[in-house]
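Only one structure is covered here, and it is reproduced in the block below.
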Amino acid sequence: MEEEFPGAVGTSASLALRLGQAIFSVASLLFMCVGVEFYAYTSFCFLVTIKGLTIPWSLTLAMVDAFSVFVKRPSRQLQIVSIIVIGDWVLSFLSLAAACSTASVADFMITEASAFFCGKKLCSRYQLSAAMAFLSWCLSTGSALFNLWLLPSLYTHL
């Protein structure tokens, strides 16, 4: 009998983490894309690109988790979990970079040149987008850590 790791792929906690990632990523995109001027700044385009990659990744793995939860048989093959771990870590670091760069540019726009770059309402949307991206990153890092925690136990079952 395999040991159950909470939050690892194929569990209900992993399903909740994946759905949370997708929800916060969608919220981040919505706050960013409400203002049509986001494409003028590289860090905002970077955030939109990374969240555009995070949403399908999270939703696909949420479907895998939902299937595993409903059938009560998680698929824990070493190669599949290794790919999930690598994908989680890559998207986690990219999400952190996008969230931090967006937050720093939005902060600069508000504090240093508030009236020149954007109105108060538009800049606050950029801040909310960065906050949602950071929350998505927190859940993504949690998923990555839980799956990394699962990985060594799969090597012992070879």
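The values are calculated or read from the model by the stated rules, or taken from the named source; none is laboratory data. Every value quoted in this text rests on a predicted model; they were computed, and no experiment measured them. Neighbour counts run over all protein chains shown; Cβ positions are idealised from the backbone, glycine included. Heavy atoms of the whole protein, side chains included, go into the accessibility calculation; ligands, DNA and RNA do not. Shrake-Rupley method; radii C 1.70, N 1.55, O 1.52, S 1.80 Å.
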Query raised in the report: Of all residues in the range 47-76, how many are surrounded by fewer than 16 Cβ atoms within 10 Å (Cβ to Cβ) and in contact with a Ser or Thr (Cβ under 7 Å, 6 or more places away or on another chain)?
Result: 1
Report task. Report, ordered by the first and then the second residue, all pairs with beta carbons closer than 7 Å, sequence separation of six or more or different chains, a first member in the range 78-94 that is farther than 19 Å from Thr49 by Cα and surrounded by 15 or more Cβ atoms within 10 Å (Cβ to Cβ), and a second member that is at pLDDT below 95 and of a type in the set (Gly, Ala, Ser). Result -> Val85/Ala144
Requested in this report: Would you check if there is a residue in the range 22-35 being over 21 Å from Leu148 (Cα atoms), in a helix (DSSP H, G or I), at pLDDT below 90 and not acidic (Asp, Glu)?
Outcome: yes
Query raised in the report: Listed residues Ala62, Ala144, Ala131, Ala97; which is of a type in the set (A, V, I, L, M) and touching a Leu at 6+ places or on another chain (Cβ under 7 Å)?
Result: Ala62
Query raised in the report: Here are some conditions: (1) in contact with a Phe, Trp or Tyr (Cβ under 8 Å, 6 or more places away or on another chain); (2) part of a loop (DSSP other than H, G, I, E, B); (3) not acidic (Asp, Glu). Cys45 meets all but one. Which one does it not meet?
Result: (2)
Query raised in the report: Which of the residues that make up the range 100-119 are within 14 Å of Glu37 (Cα to Cα) and at pLDDT below 80?
Result: Phe116, Phe117, Cys118, Gly119
Requested in this report: Determine whether the range 99-116 contains at least one residue that is out of contact with any Gly (no Cβ under 6 Å at 6 or more places or on another chain), open to solvent by less than 30 Å² (accessible area, probe 1.4 Å) and free of Cβ contacts under 8 Å to residues at least 24 places away in the same chain.
Outcome: yes
